[in-house]
Amino acid sequence: MDPHVPASSRSRRRRRTPLIATLALALAATAAAPATAHGGSAPSTPNLGPNVVVFDPSMPVADIQAKVDQIHAQQVDAEMGTARWSLLFKPGEYGTAAQPLQMKVGYYTEVAGLGASPTDVVVHGKIETYNRCLSDDPANPNCIALVNFWRTLSNLTLDIDGAGQDGCRASANFWAVSQAVSLRRLDVLANEGDPGFSLMDYCTAGPQYASGGFIADSRFGDVVNGSQQQWLTRNSSVRSWSNAVWNQVFAGVEGAPADATFPDPPYTTLDTTPVSREKPYLYVDARGTWQVRVPSAAEGTRGITWANGMTPGRSIPLRDFYVAKPGDSVLKINAQLALGKHLLLTPGVYDIASTIAVWRPGTVVLGTGHATLTSARGATPLFVADVPGIVVAGVTIDAGPQKSSVLLKVGLDHRHAPDWGTKSRRDPITLSDVYFRVGGPHKGSTDVALEINADDVLVDHTWVWRADHGVEGFTEGVNGDTQRWRTNIGRNGVVVNGDDVTATGLFVEHFQQHNTVWNGERGRVVLYQNELPYDPPTQADWTEPDGTLGWAGYKVGDKVKTHQLWGAGVYVFNQNNPSIVTENGFEVPQRPGVTLKHVMTVNLSAGTIRHVVNGVGGQVDSSNTGTPSFVTSYP
């Protein structure tokens, strides 16, 4: 590859290797069933498994309310549970002003409309997530949203006028969440002065903390940010946005606040998004055929994609997908992919003892209801080849007790990569709402969670989490934290070796060395959020081999010539040993082509970061807890 050829015009002719052709034939020969969505013709409601509930507007509101209440009651505290749910609404209207539908969304729950446009499904009422109260002590109930993870709301219109609630709850639709949550393709209706949309729950007893989320391709009225520490809003429209805490980033958002006075308030605003592709979505067309819409990628975008009709892209009939269910073998899934099928993962937990391999250009892998691939026997659950147009969306990947080298590998090592075809960033490999977890519900171990070796990749919202709490091996207290450090292994969260990789919404937390390592050229990141690990037992455990105190939360390789980062924070909470010191939150080569805009560090209550980036920026420690140290631009 000639590094002097611009990425936009670069292409590589690659040949298909005999090994892969042979593998494809072998896998095709093992296929035990036709790769259809349970039938040759598209049924009105396909069999998507027991944990997909499809609602029809003819159903009584009371019946819908009873069902969603039942699922919420099961999921509201199921943070480490195994149940996964997808609640889908066919085109039409649900609820009325006299009898609004008031939904609450718990863990591992997806709520989505099945229209071609968000305006095809209208919910009169509210769809909400409240704080969880983690203590039974009435004097200190500890009601927060800091662990409200893993839930999705998309592709519908939410009419919150006259939602029927009284008192404080009548004041807004509450979406009090933290990481691994997304709001996509929403049209939120509220007249000016009427209840708006709040990203915190200020009606439940405090402290009411919340810690991050993501909005894309949506239209809102008035948004209350509240206590949200960091948030990315991309390619949307807002009438107003109130306040900010640390990192509030807007890219391609009509009505976004200006950032000229950063850090007061701490807004970061890009007029357009460098590269974007909206997440694929299920819809039912006018003939009742189930389809998956796969939006096109675009550069320099602003505003919603559906303002003038259907989102640009292609539609794939659901019959062209292999509809997988938990318990399906990897051999069977790979055989269907080799036969040319796309893959839809229905809700549930899949034990993956070998690798699901996606080789064909343009293949779509779509998870519903937070479908989860859990590594078994040290496997890499998912591999994506370095070919154009592959899209992976809505999938969570868990480490298992036996250590994996990597959980998701995109492209082979550059030094050994065969030639596959033509690549350009007009049709990038795209990862949308792909989440990673190391530990939590069970012991987990991996060297790297996400490794990107391919060029021209778009990561559109990910949370890469080495768990700081959980069920097994997570005893509280110093001894428990020491046990976690030795058994819950995660060296790096994200490693990027490919060129021209863009990330919009990169959340990476608690890994034991550099949380993110970026070695590729021309990388671009819009919002980066990181917490350093809570649990290093000693300073020696948190010191680089060259003697540097701690690993920076974001590391750009020393040889990189061009890199851009907008709106980023590294937080420290050395709960296990507050005396631990980290030298820099960010480490990057000092050259003109490597630029950071609006970056910060903050102490959450324990530990020290001496500098924001490369020795620049003030120290954060227990003397200034909660007060960030900002660097407006670097160099």
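All of the numbers you see were taken from the coordinates with simple rules; none came from a lab. For clarity, every value in this text was computed on a predicted model and none was experimentally measured. Virtual Cβ from ideal backbone geometry, glycine too; neighbours counted across all protein chains shown.
Counting Lys and Arg as +1 and Asp and Glu as -1 over every other residue whose Cβ lies under 10 Å from the Cβ of Val122, the net charge comes to -4. A straight chain from Arg591 to Asp63 at 0.36 nm per residue would run longer than the Cα-Cα distance by 183.9 nm. In sequence order, segment 373-383 has phi-based couplings of 9, 10, 5, 10, 6, x, 6, 8, x, 9, 10 Hz under the Karplus curve 6.51 cos²θ - 1.76 cosθ + 1.60, θ = phi - 60°, and Gly or Pro positions carry x. Building the convex hull from the alpha-carbon atoms of segment 52-258 and averaging its projection over directions returns 11.2 nm². Computed from label points 7 Å out along Cα-Cβ, the spacing between Asp161 and Glu254 is 1.9 nm.
Distance between the C-alpha centres of segment 586-635 and segment 90-132: 41 Å, rounded to the whole angstrom. Karplus-derived 3J(HN,Hα) values for segment 230-239, using 6.51 cos²θ - 1.76 cosθ + 1.60 with θ = phi - 60°, are 8, 7, 10, 10, 10, 6, 9, 9, 10, 7 Hz; glycine and proline are entered as x. Which value at 222 nm does the chain reach when only helices count, each DSSP H run of 4 or more adding -39,500 (n - 2.57), with the total divided by all residues and rounded to the nearest 500 deg cm²/dmol? The per-residue figure over the chain is -2000 deg cm²/dmol.
Take the chain and mark each of the GluC sites (Glu not before Pro) that is in a DSSP loop with at most 16 other Cβ atoms within 10 Å; the longest unmarked stretch, sites excluded, is 193-471. Each of (1) 27.3; (2) 24.6; (3) 26.1 is a candidate for Kirkwood radius over Cα pairs in Å; the one calculated from this structure is (2). Between Thr272 and Ser354, the modelled label-to-label distance comes to 4.6 nm, taking each label 7 Å out from Cα in the direction of the beta carbon.
Neighbours of Ala251, meaning other residues whose beta-carbon lies under 9 angstrom from its beta-carbon, give a summed charge of +1 when Lys and Arg score +1 and Asp and Glu score -1. A full extension of the chain between Leu549 and Ser240 corresponds to an added length of 107.0 nm, given 0.36 nm per residue minus the alpha carbon distance.
Normalising the average separation of contacting C-alpha pairs (under 8 angstrom, six or more residues apart) by the number of residues puts the relative contact order of the chain at 9 percent.
Beta bridges per DSSP, both residues in the chain: antiparallel share near 15 percent.
Can you figure out the FRET efficiency of Asn47 with Glu299, using R₀ = 41 Å and their beta-carbon distance, to the nearest 0.05?
On the way: r = 39 Å, r/R0 = 0.96.
According to the calculation, E is roughly 0.55.
Please compare each pair in Lys443/Lys555; Lys104/Lys403; Lys559/Lys597; Lys409/Lys597; Lys341/Lys403; Lys90/Lys443 to a cut-off of 32 Å on the Cα-Cα distance and tell me which ones are over it. Beyond 32 Å between Cα atoms: Lys104/Lys403; Lys90/Lys443. Centre-to-centre, using Cα atoms only, segment 159-188 and segment 215-255 are separated by 14 Å. Projecting label points 7 angstrom from Cα along Cα→Cβ for Thr119 and Lys559 puts them 5.2 nm apart. On full extension, the segment bounded by Gln619 and Ala78 gains 190.9 nm, given 0.36 nm per residue less the C-alpha separation.
Cβ-Cβ distance of Ala205 and Gln70, R₀ of 22 Å, FRET efficiency by 1/(1 + (r/R0)^6): the value works out to about 0.25. Express as a percent, rounded to the nearest 5, the fraction of DSSP beta bridges in segment 340-634 (both residues included) that run antiparallel. Given both bridge residues lie in segment 340-634, the antiparallel proportion sits at roughly 10 percent.
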